[in-house]
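J.: Just dropping this structure here.
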Amino acid sequence: MRLDRVALSNFRNYSTLELALSSGVNVFLGENAQGKSNLLEAIAMLGTGKSFRTTRDAEVIREGLELASIAGTATMRAGSVHLSCTVTRGARGTRKVYTVNGQAVRYAAFLGRAKVVTFVPADLHLIDGAPSGRRGLLNSALAQDDVRYFRHLARYQRAVQQKAALLRSGEHPDAALLQIYDEAIVEIGTELMLARDHFVRELAREAERAHAHLAPHERLTVRYHPNVPFEGATRDAVITAFRARLRERAAAEAQRATCLVGPHRDDLVLELDARALDVFGSQGQKRTAVLALKIAEYTVMRDRNDEAPLLLLDDVLSELDDARARALVAVLAGAEQAFVTATHLPPELQAARRFRIVAGAVEAA
Amino acid sequence: MSAPRSLAGPIAALINEFSKLPTIGPKTAARLVFHLLNRPRHEAQALAEAIIAVKDHVRLCSVCFSLTEDDPCAFCTDERRDASTICVIAEAKDIYAIERTGVYHGRYHVLGGLISPMDGIGPAQLHVKELVERIGSEKPNEIIVATNPNAEGEATAIYLSRLLQPLGVAVTRLAYGLPIGGDLDYADEITLAKALEGRRHL
């Protein structure tokens, strides 16, 4: 897909902005704190409806004002689509309204219309950071890919929260109620685990291939590490293993008053030549693996949908050494459309469409 | 957000009171106040009295916990209503949704909420014990659980069915399905999947 036009109103440091975009690579150049990342954040919100920098939506509204909006027109295989996301700060909290072709829609119908893959400096800690970051990668890709995954994830998280609250509620939580939440957790959790298992197989294949280009003498392996181990990715096998694990851990869950079993505790395992990368890897090796993982995320999302997602890179080229930066630029060159922020134009991107950003204003450079 | 300081005291006070109501923000509250200022005094009087009357004369039915002026309520005392069926709902307002269908003629039981440990609501905080007692004394044939199809409504329905079935009463649940006049194309996947599971013979 290709985003042809984006329009912002009172979004972060932009009062109004209308920008025509090109296919291929678009580079947003400028000094720090001029609004490069804000523009990238806005484009990402057209796909995911959420900021990749904050969970407090009101932060994207220009200071002192009450309403921010992002609108865009994209060309997809199925034709042209107009998307908008409006964030309003009100007396009773922040509200977001999404539209597709001028019709207000619910979030689930907005999510994934424009698919995006983002690569931000924080992703460089994907390997040695907390498991939630690695689950976040899976959730972001899968929720955009299939709205059922998004719905399952929301229902699953709700069931886990309710069960945790029940466990915390006293010394003898209602056993009948506990069983009801456990059944919901198994039923919905199984769908999440099967989707992740399937996705990680594809992700691993692509990540290993990308890594072989970047570091031909080392072998990366990526594996799904479910909190509930299961043999054979069938629904029945997962359900059986899940129920057994819940029974085993029931006493520990009651004692610690928290949910210890299920895909909310899943992880990804990355190894380099069969050694755990987070423990034994050098900084350089970890960066190479992150890069391979991100390239794989992009490739899998593109191949699954027969429609290339938008690739958004926030200030990451400067974080990579020459060889890795060149490998990333090669991926950019093959992308249908990509957006990159940088303080200086990387020599490999001389041919890209350039925009210069100064204090919330954009000019073609 | 509070009303601007420059407004006359009574105006600001009424805007403030209106904006405490659900779905009414400060702007709507101000519109309501200025509308009332333009209407004759007796209309304002009638509104004020109606609000007080609701608080003074409406209470909970001691049998079904619906809102009523007389206890027991009209639903519980009306001989023409079918005493063999009890429809269980979360809130008293849900009765009006069911009554509008015109197809239900049984009795009601209001739970007073849904099970949600996150909000500190378990079966003991709801009128569940009273429902069990009613089943013992009124001997209905069927309990229809009409809770919302969300996580809390679902958990409450399953909890009730497991609690009540051993008492020898049939427990049923509202069907999930497609909205009438809806289009298959526009149904979300989960609604459509539930409608398929709940399909029936023609």
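The values are calculated or read from the model by the stated rules, or taken from the named source; none is laboratory data. Keep in mind the model is a prediction, meaning the values are calculated, not measured. Cβ coordinates were reconstructed from backbone atoms using ideal geometry, including for glycine residues, and neighbour counts include every protein chain displayed. The accessibility values were calculated without ligands, DNA or RNA, using every heavy atom of the protein model including side chains. Shrake-Rupley method; radii C 1.70, N 1.55, O 1.52, S 1.80 Å.
J.: Return the only residue of B:187, B:151, B:175, B:193 being modelled with pLDDT under 95 and open to solvent by less than 40 Å² (accessible area, probe 1.4 Å). Break it down into steps so the answer makes sense when it comes.
T.: On the way: B:151 fails: open to solvent by less than 40 Å² (accessible area, probe 1.4 Å); B:175 fails: open to solvent by less than 40 Å² (accessible area, probe 1.4 Å); B:193 fails: open to solvent by less than 40 Å² (accessible area, probe 1.4 Å).
After ruling out the rest, the residue left standing is B:187.
J.: Mind checking which helices (runs of 4 or more DSSP H) fall wholly inside the stretch B:88-202 and carry at least 1 residues that are more than 14 Å from chain A (Cβ to nearest Cβ)?
T.: Values: elements: B:94-101, B:128-138, B:151-164, B:189-197.
Qualifying helices (runs of 4 or more DSSP H): B:94-101, B:128-138, B:189-197.
J.: Same structure, new question: Go through the stretch A:257-287 and report how many residues are closer than 30 Å to residue A:184 by Cβ, open to solvent by 20 Å² or more (accessible area, probe 1.4 Å) and either modelled with pLDDT under 95 or part of a loop (DSSP other than H, G, I, E, B) (or both).
T.: Let us first name the residues in the stretch A:257-287 that are closer than 30 Å to residue A:184 by Cβ, namely A:257-269.
If we keep only those that are open to solvent by 20 Å² or more (accessible area, probe 1.4 Å) too, we end up with A:257-258, A:264-265, A:267, A:269.
Now drop any that are not either modelled with pLDDT under 95 or part of a loop (DSSP other than H, G, I, E, B) (or both), which leaves A:257-258.
Number of matching residues: 2.
J.: Kindly indicate the residue of the stretch A:344-354 that is open to solvent by 50 Å² or more (accessible area, probe 1.4 Å) and assigned to a loop (DSSP other than H, G, I, E, B) and also nearest to residue A:30 (Cα to Cα) among those meeting that condition.
T.: Of all residues in the stretch A:344-354, those open to solvent by 50 Å² or more (accessible area, probe 1.4 Å) come to A:344, A:347-348, A:350-351, A:353-354.
Now narrow it down to the ones that are assigned to a loop (DSSP other than H, G, I, E, B): A:344, A:350-351.
On the way: A:344: 7, A:350: 15, A:351: 17 Å.
My answer is A:344.
Residue-by-condition table, conditions (1) closer than 20 Å to residue A:140 by Cα; (2) not in a helix (DSSP H, G or I):
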{"position": "A:289", "(1), (2)": "yes, no"}
{"position": "A:292", "(1), (2)": "yes, no"}
{"position": "A:308", "(1), (2)": "yes, yes"}
{"position": "A:318", "(1), (2)": "no, no"}
{"position": "A:325", "(1), (2)": "no, no"}
{"position": "A:331", "(1), (2)": "no, no"}
{"position": "A:356", "(1), (2)": "no, yes"}
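J.: Surrounded by fewer than 16 Cβ atoms within 10 Å (Cβ to Cβ), among the charged types (D, E, K, R) and in contact (Cβ under 8 Å) with a residue 40 or more places away in the chain, is that true of residue A:95? Before the answer, list the steps.
T.: On the way: surrounded by fewer than 16 Cβ atoms within 10 Å (Cβ to Cβ): yes; among the charged types (D, E, K, R): yes; in contact (Cβ under 8 Å) with a residue 40 or more places away in the chain: no.
No: the conditions fail for residue A:95.
Yes/no matrix, rows are residues, columns are (1) within 19 Å of the chain's Cα centre (by Cα); (2) surrounded by fewer than 20 Cβ atoms within 10 Å (Cβ to Cβ); (3) outside any strand (DSSP E or B):
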| position | (1), (2), (3) |
| --- | --- |
| A:16 | no, yes, no |
| A:22 | no, yes, yes |
| A:39 | yes, no, yes |
| A:47 | yes, no, yes |
| A:59 | no, yes, yes |
| A:71 | no, yes, no |
| A:80 | no, yes, no |
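J.: Go over the candidates A:209, A:196, A:205 one by one and state the one that is in contact with an Asp or Glu (Cβ under 7 Å, 6 or more places away or on another chain), within 30 Å of residue A:320 (Cα to Cα) and in a helix (DSSP H, G or I). Spell out how you get there, then give the answer.
T.: Numbers: A:209 fails: in contact with an Asp or Glu (Cβ under 7 Å, 6 or more places away or on another chain); A:205 fails: in contact with an Asp or Glu (Cβ under 7 Å, 6 or more places away or on another chain).
Of the residues listed, the single one that is in contact with an Asp or Glu (Cβ under 7 Å, 6 or more places away or on another chain), within 30 Å of residue A:320 (Cα to Cα) and in a helix (DSSP H, G or I) is A:196.
J.: Any residue in the stretch A:249-269 that is more than 26 Å from residue A:200 (Cα to Cα) sitting within a Cβ distance under 9 Å of a residue that is surrounded by 17 or more Cβ atoms within 10 Å (Cβ to Cβ) and charged (D, E, K, R)? List the pairs, counting only those 6 or more apart or interchain.
T.: What qualifies is A:250/A:182; A:253/A:163.
J.: I need the full set of residues from the stretch B:70-96 which are closer than 24 Å to residue B:125 by Cα and open to solvent by 30 Å² or more (accessible area, probe 1.4 Å), in order please.
T.: B:71, B:72, B:75, B:91, B:93, B:94, B:96
J.: Against the conditions (1) touching a Phe, Trp or Tyr at 6+ places or on another chain (Cβ under 6 Å); (2) within 28 Å of residue B:153 (Cβ to Cβ); (3) not acidic (Asp, Glu), where does residue A:200 fall short? Just the number, please.
T.: Looking at each condition in turn, residue A:200 falls short on (2).
For (1) modelled with pLDDT of 95 or more; (2) under 24 Å from the mean Cα position of the chain (by Cα); (3) open to solvent by 50 Å² or more (accessible area, probe 1.4 Å); (4) farther than 16 Å from residue A:261 by Cβ, each residue gets a yes or a no:
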| site | (1), (2), (3), (4) |
| --- | --- |
| A:189 | yes, yes, no, no |
| A:192 | yes, yes, no, no |
| A:200 | yes, yes, no, yes |
| A:203 | yes, yes, no, yes |
| A:225 | yes, yes, yes, no |
| A:229 | yes, no, yes, no |
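J.: Determine which member of the set B:58, B:63 is more than 14 Å from chain A (Cβ to nearest Cβ) and at pLDDT below 95.
T.: Working: B:63 fails: at pLDDT below 95.
Result: B:58 is the single residue among B:58, B:63 that is more than 14 Å from chain A (Cβ to nearest Cβ) and at pLDDT below 95.
J.: Still on this structure, please answer the following. Quick check on the stretch A:136-188: of everything there that is hydroxyl-bearing (Ser, Thr, Tyr) and assigned to a helix (DSSP H, G or I), which residue is farthest from the other protein chains (Cβ to nearest Cβ)? Give the steps one after another, and end with the answer.
T.: Kept after step one, since they are hydroxyl-bearing (Ser, Thr, Tyr), are these residues of the stretch A:136-188: A:140, A:149, A:156, A:169, A:181.
Keeping just the survivors that are assigned to a helix (DSSP H, G or I) gives A:140, A:149, A:156, A:181.
Values: A:140: 20, A:149: 11, A:156: 10, A:181: 7 Å.
Restricting to residues being hydroxyl-bearing (Ser, Thr, Tyr) and assigned to a helix (DSSP H, G or I), the top hit is A:140.
J.: I would also like to ask the following. Mind counting the residues in the stretch A:142-152 that are crowded, with 21+ Cβ neighbours inside 10 Å and either touching an Asp or Glu at 6+ places or on another chain (Cβ under 7 Å) or over 24 Å from residue A:306 (Cβ atoms) (or both)?
T.: Counting residues in the stretch A:142-152 that are crowded, with 21+ Cβ neighbours inside 10 Å and either touching an Asp or Glu at 6+ places or on another chain (Cβ under 7 Å) or over 24 Å from residue A:306 (Cβ atoms) (or both) gives 1.
J.: Taking the stretch A:98-129 on its own, how many of its residues are within 30 Å of residue A:288 (Cα to Cα), open to solvent by 40 Å² or more (accessible area, probe 1.4 Å) and under 15 Å from the mean Cα position of the chain (by Cα)?
T.: Residues meeting the conditions: 3.
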